[in-house]
Structure formats: structure tokens, C-alpha cells
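This report refers to the structure that appears directly beneath it.
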Amino acid sequence: MALRINFNAEAAVTHTALLQNERAMNKSLLRISTGNRILSAADDAAGLFIADQLSVVAAALQQGNRNIQTGISALQIAETNVGQIFDKLKTIYTKAQSAANDINDPNARAALQRDISNLVDAIQKLGTDTEYNGIKLLDGTFSDKVIHYGARADQTITVGINSVKANDLGAYMVVGKFVAQSSTNGYATLTSDTGNFGFDSANDKAIVNGIDVSTGLTVVDAKTIADNINNSKALQNAGISARATNMSTASAVWTDIQSGTSGSATIKFFVGTSATSAIEINIGANSTLSLSDLVTAINSKASEKGVNISARAENNKLVLVTQGETIGVEVGNDTGQPINLGQFLNVSATVANSSTGSAIQVGKLVIMGTNNYNYDFSGISDTSEGLGISATGISTMKNLYSLDVTNNENAELALDIVKTALQRVDTIRTQIGSVINNLQAIWDGQKASFDNTKEAENVIRNTDFAEEMSTFTTMQIRMQAGMAMLAQANALPQLVLQLLR
């Protein structure tokens, strides 16, 4: 064997191994003390890049959820105040309903009007003043607002709330009139074109918001048009509804109709679009028809045939009421004396002896919508043809400040306006609720994504303590063994002394 003293190769190799073990042990010690497997890019360059990118995504998901929570907080404030507006509108509706009752005297209606005005002012204030951190929520300016929820660009949701101020709430309306005409040319009221009230599908139109609502029309009939509007899914989805009423108060005070010894008369009442005589009342020879007899006969025969018409006497005048259906009267006169058609409807015409005359009154059509819409009633529009509405046009907005409950007619119209406003506010409220639910669902999904992303980062970046403690223990043993062997290697050159003795 060769013995040298100038270079101890065994000690040098052992020292090198000892330094490597020390470095490995120190790294393991740092991993255990910090909890991080990757202490520098040199430890795992690719792993560090992936972990850092996952860290960015996790932080962005966390911030996105903070953005969502901020948006939800603002929307909850808006939804709460919209709910208060709905409650006030409901109160206004019941007060308008109370005012529509003619048992109220003018003072009572004036008090109800004041209450309604105060509630409208409160709604205006809620719509104007509701805010989140200085941002107005209910005045119509909160539109196309972006909530950035995602970790990447363009992962956004756009929200907006329509105005619920009093001057923006109400109904887009088209309001007709009671239209009455008469004819003494012998034509039957509903079987011929009396005063052009017949519906000719080639020339006449009934179109609302682009939807044909003329189904079933043979004569102009507000009830049929209203029913067609209310039964249309497309118009329902557009927030458009309608109602029809018809009440005729005779223009003339009643005078008993008397027939001579050989005289007679036939009075026919038509209701709606049917060409069949709904009610027929005959006056025989030597007979007298009083107003009370006529009212009794109309109500009795209407009940028998299931016809929607009722009659009553009011201030010695005949009052006829339907559910909006057109009312027609045809009088065949052979009594020997003229018969005034104004005793039956609000017209001015006389049927001479041995003649036939007729009169017709179309009901009032009221169309209401939550948004603007157009209409076309060409051929059946004006006061000489039917509905008392302009031939074509666009609905007119009537807001809450237009509410007037000082008489029955206006109170009924107020109910229409408030009903539509209630629908609009309820729609806005449900839309806010839907957005809140949507944001909450996104928050829940992103929270799960955040948890999973952090776990993925943890797998790459963080220390597995069980594995690392095993590595650290191994390095400790190697260090101890290395130190022992370095001592042995350092002792080898001393063997040379044995040769020098």
C-alpha cells in the first residue's frame, strides 16, 4: 500500500460527501421550518412557475368573489327599497279601489286623493335617493353596470335596474270611449253595417304591438278585442293587458210605449258579436210597456239565456250594463206612434210608425302595458265607427302623478295605472332577485374553484412533512456517519509515523 502525507484523498472525498449531505440536510431543515418545498427557483423551476400561476388565479378568484359580494350588497339595498315601493303601490291600489266606490262623498274622495299624493311623493323619494356608496340605484342611471367576477378578462356580468321613480312608474295606455250611433233605415243592428260598426277583415284592422287581435270580430266589440289581447301569450310576455266596460244610460227620460187596438212593437237587444237576437220583447195590441216592465223583462230573459247584460232604472232612465260587449237595440214599430230610440241607448233618433230603427253602443276599451307599444285600429277607430280611438298610434304614458280618484271613472282608470305599475315594479324586483341568485351561484362556484386551485398549488409548492422528515432523518444519519468517517480518514496519515520510528 502507498502511504502519503501531503494529500489525504480519503479525507478529501469524505469531506466532499459531508458537505453535500450538510447541504441536503440544511435544505430539508428549511423545508420543514418554512413548510415550503420550493425555496427558490433552483429547487423546481417548472414547479415554481406552475405554482406561481396557480397562486395568481387563486388570488384573482378571491378578489372576484369580493367583487360579487359588493354587487350583492348593492342589489340587496335596491331590492329592499323596491319592495317598499311595491308595498306603497299596493296601498295606493286599495285607496283607489275605495275611491271607485260611489258611496264616497266628495270629501272622502278628496281625502283619499291626498293620501295617494303623499304615497306617490314617498315613492319618488325612494326612487331618487336610494344609493350604494354614492351610486344611485333606482333612478334609472344604474344601467349596464359591470361586475367583474372571474379570474380572467371579460369574465363579467352586466346588471341594470330600471327607474322606479313615481314619474317613471305607471302604464302605457290606450283609452277608448263609449261610442253610440243610431240608424232609422231599417237595418238590423248586428246583422248589417249600421254606422259602419261591422268588422270587415279586408279593410278593418285590430292590431296591438304587431299582434292581430281581431279573431271573432263580426262587429266592433271591445270585449272581444280585450279578451284576444289578454289571451295572447306574446302580448302577455310584452306586459300588455286590456279590459272593456260598457254602460249605457239612455239619453231620454222613459215614456211608456203604448200600442193601439191593432198596434204592436218588437224590441230586440243584441249583446256582443252574435247576430242572433239575444233578447226579444213584444208589445201586443192594447198594451203598455213601462220602464220597470222593460227592466224586469231584460234581466229575466238575460238570465234565462245566459247573456251578459243587466238593466236597471236610474232617474227614470234605462241603464244597460255588459262586461264590455257591444249593446245593440232594434225596434220594429207598428204602434201607431213614433218611438224614441233615446229611451234605450244614448242616441238621438226616432223610429216612425211602420218603420224599423236601430242603435248600437260599443264599450270602452282600455289597453295598458308596462312598456311602450303601437296599435292599428284602422276602420274601427273613431267615434263614427266604433272604439273612439285614433286609427293608428303609440300608447301614452300615464304615470303615478296622473292619478285622480275624485270620481268613479278616473278611479277605475287609476286602478289600471297602478295595477300596471305594480306589475312593472314586481318584474324589476324579481329581476334583481334573479341577479342576486346568479351572483351567489357564481360566488359558490368560484369558492370551490379557489379551494381546488389553492390545493393544486399546495401540492406543488408546499412540503410533505412525512416525506421530508424521513429525508431529514436520513441526512442526519449520513452527517453523523460522514463525521465519523472523516475522523477515520484524518487518522490514516498517522500510520506513516510507524515507518519513521
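The values are calculated or read from the model by the stated rules, or taken from the named source; none is laboratory data. These figures come from a predicted structure and were not determined experimentally. Cβ: placed from backbone, ideal geometry, glycine included. Neighbour counts: every protein chain shown.
Structure summary
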quantity	calculated
Criterion: among the small types (G, A, S) and more than 30 Å from Q113 (Cβ to Cβ) - qualifying residue of S358, S402	S358
Test: residue in region 45-67 that is among the basic types (K, R) and modelled with pLDDT under 80	no
Flag if T128 is at pLDDT 95 or above, touching an Asp or Glu at 6+ places or on another chain (Cβ under 8 Å), in the same structural domain as N162 (by TED's automatic domain parsing) and hydroxyl-bearing (S, T, Y)	yes
Pairs with Cβ under 8 Å, 6+ apart, first in region 152-163 and free of Cβ contacts under 8 Å to residues at least 24 places away in the same chain and closer than 22 Å to V56 by Cβ, second part of a loop (DSSP other than H, G, I, E, B) and not aliphatic (A, V, I, L, M)	T156/Y149; T156/G150
All positions within region 217-246 that are outside any helix (DSSP H, G or I), aliphatic (A, V, I, L, M) and within 11 Å of V362 (Cβ to Cβ)	V219, V220, A244
Region 379-401, subset in contact with a strand residue (DSSP E or B) (Cβ under 7 Å, 6 or more places away or on another chain), buried (at least 16 other Cβ atoms within 10 Å of the Cβ) and of a type in the set (G, A, S), residue farthest from K205 (Cα to Cα)	S395
Lone unmet requirement of (1) of a type outside the set (A, V, I, L, M); (2) more than 30 Å from G198 (Cα to Cα); (3) in a helix (DSSP H, G or I); (4) under 22 Å from the mean Cα position of the chain (by Cα) for D416	(2)
Only listed residue being surrounded by fewer than 20 Cβ atoms within 10 Å (Cβ to Cβ), in the same structural domain as I380 (by TED's automatic domain parsing) and within 30 Å of L422 (Cα to Cα), chosen from A252, A238, A285, A226	A238
Count - residues of region 376-431 that are among the aromatic types (F, W, Y) and more than 14 Å from V366 (Cβ to Cβ)	1
Region 208-230 residues that are of a type in the set (D, E, K, R), paired with ones that are in a loop (DSSP other than H, G, I, E, B) and surrounded by fewer than 20 Cβ atoms within 10 Å (Cβ to Cβ) (beta carbon under 7 Å, 6 or more apart)	D221/T273; K223/Q323
Candidates S259, S248, S264, S287 - the one that is of a type in the set (S, T, N, Q), in contact (Cβ under 8 Å) with a residue 24 or more places away in the chain and under 30 Å from D200 (Cβ atoms)	S248
Selection within region 164-185 - of a type outside the set (A, V, I, L, M, F, W, C), over 30 Å from G140 (Cα atoms) and modelled with pLDDT of 90 or more	G176, K177
A111, sole failed condition from (1) modelled with pLDDT under 95; (2) within 30 Å of K364 (Cα to Cα)	(1)
Members of region 186-243 found to be at pLDDT 80 or above and hydroxyl-bearing (S, T, Y), listed by number	S214, T215, T218, T224, S232, S241
Every pair of residues 6+ apart whose Cβ atoms lie under 7 Å, when the first sits in region 78-98 and is closer than 14 Å to L126 by Cβ while the second is of a type in the set (D, E, K, R)	E79/R429; V82/R429; G83/R429; F86/D426; F86/R429
The listed residue being in the same structural domain as G198 (by TED's automatic domain parsing), in contact with an Asp or Glu (Cβ under 7 Å, 6 or more places away or on another chain) and either of a type outside the set (K, R) or surrounded by fewer than 16 Cβ atoms within 10 Å (Cβ to Cβ) (or both), out of T322, T261, T335, T266	T266
Scope region 18-64; condition of a type in the set (G, A, S) and in contact (Cβ under 8 Å) with a residue 60 or more places away in the chain; matching residues	A24, S28, G35, G47, A51, S55, A58, A60, G64
Residue within region 305-313 that is surrounded by fewer than 21 Cβ atoms within 10 Å (Cβ to Cβ) and more than 26 Å from T224 (Cβ to Cβ) present	yes
Meets criteria (in the same structural domain as T184 (by TED's automatic domain parsing), in contact with a strand residue (DSSP E or B) (Cβ under 6 Å, 6 or more places away or on another chain), assigned to a strand (DSSP E or B) and of a type outside the set (A, V, I, L, M)) for T273	no
Test: G140 is touching a residue at least 24 places away in the same chain (Cβ under 8 Å) and at positive phi	yes
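For (1) outside the structural domain of T130 (by TED's automatic domain parsing); (2) modelled with pLDDT under 75, each residue gets a yes or a no:
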| position | (1), (2) |
| --- | --- |
| L3 | yes, yes |
| F7 | yes, yes |
| A11 | yes, no |
| T16 | yes, no |
| M25 | yes, no |
| R31 | yes, yes |
| N81 | no, no |
